[in-house]
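Engineer: Have a look at the structure that comes next, please.
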Ligand SMILES: *Cc1c(COP(=O)(O)O)cnc(C)c1O
């Protein structure tokens with residue numbers, strides 16, 4: 001089995017599993033309890049907070065543990081929206097290819113009278129700082145742009161975006177779920193005011209993440225109740241998961257240079273191999289992308305069929321095609337970089353990890369070549385393209 005869907009989730013590391021089960025067995029007290037046993041849990045919680053803060057260049061009290069990346073995105077956007085509304089500022093800037101945790105939250109705010117500007121991400125999948133500068137208005141209360149895209153892996157000019165926002169006095173949030181643990185992220189260097197993270201994208205457990213909020217910004221609650229997380233996120237903390245998340249992040253950050261170098265070499269070989277397939281295109285900039293991300297469109301095929309046939313060959317991948325995502329429209333990310341519907345339907349995302357070896361890469365290349373050729377052999381669209389009835393786009 002070759003697992004090439006690390007952007008969807010990653011396997012928990014043995015270390016994270018050990019930390020998590022250790023906590024479950026030994027440190028299962030409630031961190032809010034005052035007796036010794038509770039206080040031990042509290043210590044472990046604060047140690048985890050310190051670890052996460054240390055990795056991203058923040059202070060411990062700037063970290064709020066959440067149930068994951070989606071919750072962190074929701075809370076960040078709500079926080080900025082309420083601060084903005086209090087000052088009569090109801091304009092938000094984001095990009096067209098954000099995660100749905102951001103886009104759907106923004107849609108909800110539009111119904112509440114907020115105005116949202118979505119920046120173009122161009123053919124290379126990267127926002128332009130000049131366009132951001134032009135889009136900022138007197139009443140802009142938030143800029144939220146992801147660090148790296150989850151489908152095509154493109155990395156945004158976050159430091160410059162942060163600088164622009166800081167200069168213009170606008171709160172800047174970034175969904176860094178795909179970036180954390182994979183490429184260097186530092187909230188101070190990158191001028192970030194709020195940032196979302198999720199543990200299961202860096203070999204930690206699912207259902208746990210965090211929101212970084214720079215001190216001085218008044219955080220709004222999504223969940224009301226007890227005084228956990230300095231009153232900003234009620235509910236007894238999921239300490240085993242939080243401790244495992246912190247351990248996983250620390251290890252990922254420590255191994256980052258080594259892993260990123262090895263991974264990007266394998267990524268580049270995979271791209272080179274798949275480019276040999278006729279009438280295909282890489283989605284997103286070739287170099288300014290996450291070390292493990294490869295995303296292609298192949299003309300004349302359905303991504304869904306491609307996935308199923310690859311699965312038969314023991315390869316797990318993903319697609320931005322309609323059927324897999326349960327909607328009729330193809331991926332909003334691929335449409336945002338200008339792929340037409342027909343082409344966007346024939347997409348394949350391969351996100352490799354540290355345990356994908358060189359032989360796996362060659363196996364994937366051979367398998368994708370075979371499957372694409374096979375699917376095209378009975379595709380009516382491909383027949384029309386080859387007969388010249390329809391024109392090739394790629
Ligand atoms: C996975 C992901 C999320 C959601 O994180 P969860 O912890 O699964 O809620 C948000 N944003 C991006 C970019 C992601 O890749």
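Read the figures in this text as sums done on the coordinates, not as results from a lab. None of the values given here were measured: they were computed from a predicted structure. Every residue, glycine as well, gets a Cβ built from its backbone with ideal geometry; the counts of neighbours run over all protein chains shown.
Engineer: Identify, by number, the condition in (1) surrounded by 15 or more Cβ atoms within 10 Å (Cβ to Cβ); (2) in contact (Cβ under 8 Å) with a residue 40 or more places away in the chain that residue 264 doesn't meet.
Structural biologist: Here residue 264 clears every test but (2).
Engineer: Kindly evaluate residue 64 against the criterion of being within 21 Å of residue 230 (Cβ to Cβ) and within 21 Å of the chain's Cα centre (by Cα).
Structural biologist: For residue 64, the condition - within 21 Å of residue 230 (Cβ to Cβ) and within 21 Å of the chain's Cα centre (by Cα) - is met.
Engineer: Tell me, which residue of region 166-177 that is within 16 Å of the ligand (Cβ to nearest atom) and in contact (Cβ under 8 Å) with a residue 40 or more places away in the chain is nearest to residue 189 (Cα to Cα)?
Structural biologist: Ranking the candidates gives 173 first.
Engineer: Picking from 236, 251, which residue would you name as being closer than 30 Å to residue 44 by Cβ and surrounded by fewer than 17 Cβ atoms within 10 Å (Cβ to Cβ)?
Structural biologist: Answer to the selection: 236.
Engineer: Pick from region 63-116 the residues that are on the phi > 0 side of the Ramachandran plot and surrounded by fewer than 20 Cβ atoms within 10 Å (Cβ to Cβ): which of them is farthest from the ligand (Cβ to nearest atom)?
Structural biologist: That would be 88.
Engineer: So, of the residues in region 7-27 that are under 16 Å from residue 255 (Cβ atoms) and out of contact with any helix residue (DSSP H, G or I) (no Cβ under 8 Å at 6 or more places or on another chain), which turns out to be nearest to the ligand (Cβ to nearest atom)?
Structural biologist: Of everything passing the filter in region 7-27, 11 is nearest to the ligand (Cβ to nearest atom).
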